[in-house]
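The values are calculated or read from the model by the stated rules, or taken from the named source; none is laboratory data. What you are looking at is a predicted structure, and each value in this text was computed from that prediction instead of being measured. Virtual Cβ from ideal backbone geometry, glycine too; neighbours counted across all protein chains shown.
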Amino acid sequence: MFKRTITICLTVAALGAGVTACGGSSSEEPDAAAKAPAAGGTAVSVQDNSYAPGDLKVAAGDTVTFTNEGAIAHTVTATDGADFDSGSLAPGATFTFTADAAGTVSYVCTFHPGMQGTIEVG
């Protein structure tokens, strides 16, 4: 008689992060500290068709941190009320803007003009 041994392998996933036998990790995801806005600031997620939130209110002196959480490059470019341009933001990259004076700032992604937002500075 022959004896057969069957080996069963399991893949373990914890909260969407796969664990492998070689202990690999992904450098594609920005760490949580990179996503956090500066103290006294607001976070905006740059996604593949929108800014979230797209319209926000901040106080003069507050910092707004934009993080590209999408899969493709975007920009954050002022069209009215301020003068800033993030340049091309690769996935995972961040850009900050400090609101200096009261008023309304309009901005757009120059790659995707349908992506628009406003910052009301009080």
| said: I'm trying to understand the selection: among the residues of segment 83-122, which are within 17 Å of the chain's Cα centre (by Cα) and of a type in the set (Phe, Trp, Tyr)? | reply: Phe95, Phe97, Tyr107, Phe111
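Quick grid of which residues meet (1) exposed (fewer than 15 other Cβ atoms within 10 Å of the Cβ); (2) at pLDDT 95 or above; (3) within 12 Å of the chain's Cα centre (by Cα):
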position: Gly24; (1), (2), (3): yes, no, no
position: Asp31; (1), (2), (3): yes, no, yes
position: Ala39; (1), (2), (3): yes, no, no
position: Ser50; (1), (2), (3): no, yes, yes
position: Val58; (1), (2), (3): no, yes, no
position: Asp62; (1), (2), (3): no, yes, no
position: Thr67; (1), (2), (3): no, yes, yes
position: Ala71; (1), (2), (3): yes, yes, yes
position: Gly81; (1), (2), (3): no, yes, no
| request: Using the structure shown, decide if Val19 is at pLDDT 95 or above and either β-branched (Val, Ile, Thr) or closer than 18 Å to Gly122 by Cα (or both). | output: no
| task | Hey, can you tell me all the residues within segment 46-67 that are in contact with a Ser or Thr (Cβ under 6 Å, 6 or more places away or on another chain) and farther than 19 Å from Gly103 by Cβ? | result | Ala52, Thr65, Thr67
